[in-house]
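Notes for the one structure printed next.
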Amino acid sequence: MTRLFIALLAILASWPALARAQQVIPVAAAPVIRMQMRSGTLTIRTWDRPQVQVDSSVPVRARRFGPQAVAGALPPEVTIPSTTIQTPSGPLLLPPEGFPLGPLVNAQHDGVLVFGGDQNADVTLTIPNSTALVWAVVGRGSIAVDGYRTGTFVAILHNGVIRIQNAGGDAYTEVARGPIVIRNSAFNRIRTRTAAGNIVFENCNVRQIDASSIQGSIAYDNGTFVPGIARFESENGNVAIGVAGGGARIDAHSAGGKIFSGFSGGGAVSGSPTDAQAIVGGGGPVVTANTRRGGVFLYDGSLRSHGRLQGAWQPVGRVLRRPLQQKPAHRGHV
């Protein structure tokens, strides 16, 4: 699939007539959209029209492909390549992995490929509500997704910030250096990871979640779970889980830190300072929270509702208050 898209990008690069700052591309139901740009800001929003609209501060290239070409480009899963960043403590590696696409590969889809080129662009993609797949790769800048609920989106950013709100469906999000902030969303399945960056969920519901960071903290604040898989893991940061409603069983482990609990009611914690189990609301979906060197923080609802934070809780509070103000571990590398 990667080789095919490289070939398609080469076609677009040799087609200067398609380089325009605004384009409207008619598509059939449930299109597949691929966006690639070296640097800039990308905003993805939805509407109820059978069109993909591209608005950009600089000319970009875009082209529609028919269902036959798209069918040949869609494998059972997206291959996520490995990426490495440099930090003062040495290199951090996000290894390659796969993200299954699921049933969308069995249907007919129009395709739209958008190439942002080498310029620092401000691009807005307005896509049909029925879009089956959005796959965006940006080198440096930001990716924002608002209101995309029914399909699958893959957002990969090397350096910058990913912001998602009012979203759903299946998702893969990755930032090598920088934060990921997800609000007011309900996912069937989400995989999210960073090398050096915090991951913050606020007011979300998930059936299957796998969130991991090497040098960042992870907070799932004021959230709910339905039966599925829920895994939160940081190597060097904190993990915070705030259950808003319903039940859950949280299995917590901290190899080099401690486990802290702050339930105002309806939560029972047992175990040791480094291995504990919390039963919230009588129990429910199993949630695992692990960290190698940080702490695990378990509480009910939103951490903001717990008043002034003291001691070890303060770093978690800062992550939630200023999720986008994280300083990169090292600025010398893209």
Condition set surrounded by fewer than 15 Cβ atoms within 10 Å (Cβ to Cβ) and under 23 Å from the mean Cα position of the chain (by Cα), scope segment 52-76, selection modelled with the lowest pLDDT: answer is PRO75
Within segment 213-241, how many residues are closer than 15 Å to THR291 by Cα, in contact with a helix residue (DSSP H, G or I) (Cβ under 7 Å, 6 or more places away or on another chain) and either in a strand (DSSP E or B) or hydrophobic (A, V, I, L, M, F, W, C) (or both)?
-> 2
Scanning segment 102-118 for residues that are touching a strand residue (DSSP E or B) at 6+ places or on another chain (Cβ under 6 Å) and closer than 19 Å to LEU157 by Cα gives LEU113, VAL114, PHE115, GLY116, ASP118
Could you tell me which numbered condition LEU125 fails, if it satisfies all but one of (1) in contact with a helix residue (DSSP H, G or I) (Cβ under 9 Å, 6 or more places away or on another chain); (2) surrounded by 23 or more Cβ atoms within 10 Å (Cβ to Cβ); (3) more than 20 Å from VAL206 (Cβ to Cβ); (4) of a type outside the set (S, T, N, Q)?
-> (1)
Contacts under 6 angstrom Cβ, first residue in segment 306-323 being closer than 15 Å to PHE260 by Cβ, partner polar (S, T, N, Q), 6 or more apart = VAL316/ASN238; VAL319/ASN198; VAL319/SER217
GLU233, sole failed condition from (1) over 26 Å from ALA186 (Cα atoms); (2) touching a residue at least 40 places away in the same chain (Cβ under 8 Å); (3) crowded, with 16+ Cβ neighbours inside 10 Å = (1)
List the strands (runs of 3 or more DSSP E) that sit entirely inside segment 112-212 and contain at least 1 residues that are farther than 23 Å from THR291 by Cβ and of a type outside the set (Lys, Arg).
-> 120-128, 133-146, 152-165, 168-177, 186-196
Hey, could you check segment 195-212 for residues that are of a type outside the set (A, V, I, L, M) and touching a residue at least 24 places away in the same chain (Cβ under 8 Å) and say which is nearest to SER39 (Cα to Cα)?
-> GLY197
Of these, VAL114, VAL105, VAL78, which one is free of Cβ contacts under 8 Å to residues at least 60 places away in the same chain, of a type in the set (A, V, I, L, M, F, W, C) and closer than 22 Å to PHE65 by Cα?
-> VAL105
Restricting attention to segment 193-217, report how many residues are among the hydroxyl-bearing types (Ser, Thr, Tyr) and surrounded by fewer than 24 Cβ atoms within 10 Å (Cβ to Cβ).
-> 1
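The values are calculated or read from the model by the stated rules, or taken from the named source; none is laboratory data. Note that the structure is predicted; figures quoted are calculated from it, not measured. Reconstructed Cβ throughout: ideal geometry from the backbone, glycine too, with neighbour counts over all protein chains shown.
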